[in-house]
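Written below as structure tokens is the structure these notes are about.
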Amino acid sequence: MTRALRYSRLAVAVLVLHVVVLAQQPLANSVEAVGLTVSDMDRSVDFYSRVLHFSKLSDSEIAGEDVERLKGVFGVRARVVRMKLGAEQIELTEYLAPRGRSIPEDSRSNDRWFQHVAIIVRDMDQAYAWLRKNKVQHASSGPQRLPDWNANAGGIRAFYFRDPDGHNLEILQFPAGKGDPKWQKSGADLFMGIDHTAIVVGDTGRSLGFYRDLLGMRVVGESENYGTEQEHLNNVAGARLRITALRAGDGPGVELLEYLAPRDGRPFPTDLHANDLAHWETLMRARDLQYGWKTLRTQVSLLSSDIEDAFAGNQKVLEFLFSDPDGHVIGLLSPMSDSARLEGKR
């Protein structure tokens, strides 16, 4: 065997091993932030900082062809603010141009475009009283304690409400022995951080094929919730939910909410755009962005036309946006570097 042939076979073996390793690794290392579109940035920053005790990390204005290709919206100029609560972040985007549509006034918790972030509180009664004092809009009739017969969810207290644009939010208090142990640590902060973002899905099995099998998240909990407490939490009569909790390596989880009943939730609007207020983004850090692009672009619905230059807070990143099987938007991103920039583009 010639030296050239040996080197050739060795190169092929290394390439095959590299592909096998990639196939066994998750596409997403962590959930970095949850993004939502707002209509008035100053009002939203005031609400999230004053009422919910988030702190501002960055405030910038973006425009140009990279942004248009990333968001799938022509003529974009937007103001983007990153905010932090505990170790978790949200990203607020106000589209200065073009302005998008409001959240449908008749939106329900079982409609497929439903998404929220679950904020952990140290004391539910105190947190609810504070929200009442600040005149938040109720989505639940009031805080609910899930019944003890539900082994996985019993004792959890929760309440749904809305921000000034009508985005659904949740405050959540775990009893001892449930949830991430960090939520049981002592401290003075009433609002502690974000445990997860929850999304309504049409078929849990199909969504697991996307979030678990394709993106590489792991299932960390499952339950079936029903009864008067769940109905009044979601404000949906007869609500019976299959709930599946997933986690990446770090950051908030993603919670799948499948309504087993009632089954009349409406599908994701096919004409929803990034500048519409019903638009959310779950932003994930990629293990290998170029490999992620090559893997996903033939299997998912893309919002972005390519990997594009973007910002995550004050950090330059490369990013692209795509949709899950129900229409919820995911952003896959990676820190900017010269090598990543050259290799990441098609």
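The values are calculated or read from the model by the stated rules, or taken from the named source; none is laboratory data. Note that the coordinates shown come from a computational prediction; the quantities given were computed from them, not determined experimentally. Using ideal geometry, Cβ is built from the backbone for each residue, glycine included, and neighbour counts are taken over all protein chains shown.
Observations on the structure shown:
- Restricting the range 54-78 to residues that are part of a helix (DSSP H, G or I) and among the hydrophobic types (A, V, I, L, M, F, W, C), the residue that is farthest from the chain's Cα centre (by Cα): 67
- Failed item, numbered, when residue 316 is tested on (1) at pLDDT below 95; (2) within 17 Å of residue 29 (Cβ to Cβ); (3) of a type in the set (Lys, Arg): (2)
- Residue list for the range 28-53, restricted to those being more than 20 Å from the chain's Cα centre (by Cα) and either part of a strand (DSSP E or B) or of a type in the set (D, E, K, R) (or both): 40, 42, 43, 46, 50
- Among all residues of the range 121-142, there is none that is charged (D, E, K, R), free of Cβ contacts under 8 Å to residues at least 40 places away in the same chain, in a loop (DSSP other than H, G, I, E, B) and within 19 Å of residue 179 (Cβ to Cβ).
- Filter result (among the basic types (Lys, Arg) and outside any strand (DSSP E or B)) within the range 79-120: 99, 101, 108, 112
- First in the range 54-65 and modelled with pLDDT of 95 or more, second anywhere and among the acidic types (Asp, Glu), Cβ under 9 Å, 6 or more apart: 64/309; 65/308
- Among the residues here, residue 311 does not qualify as surrounded by 17 or more Cβ atoms within 10 Å (Cβ to Cβ) and more than 12 Å from residue 335 (Cα to Cα).
- When residue 10 is tested against (1) at pLDDT below 95; (2) in a strand (DSSP E or B); (3) not β-branched (Val, Ile, Thr), only condition (2) is not met.
- Of all residues in the range 260-285, those being surrounded by 17 or more Cβ atoms within 10 Å (Cβ to Cβ) and not in a loop (DSSP other than H, G, I, E, B) number 6.
- Residues (more than 15 Å from residue 156 (Cβ to Cβ) and of a type in the set (D, E, K, R)) located in the range 196-243: 203, 206, 212, 213, 218, 231, 240, 242
- Per-region count, the range 235-250, residues farther than 15 Å from residue 263 by Cα and either assigned to a loop (DSSP other than H, G, I, E, B) or of a type outside the set (A, V, I, L, M) (or both): 5
- Any hit, the range 93-107, residues being in contact with a His (Cβ under 8 Å, 6 or more places away or on another chain) and surrounded by fewer than 22 Cβ atoms within 10 Å (Cβ to Cβ): yes
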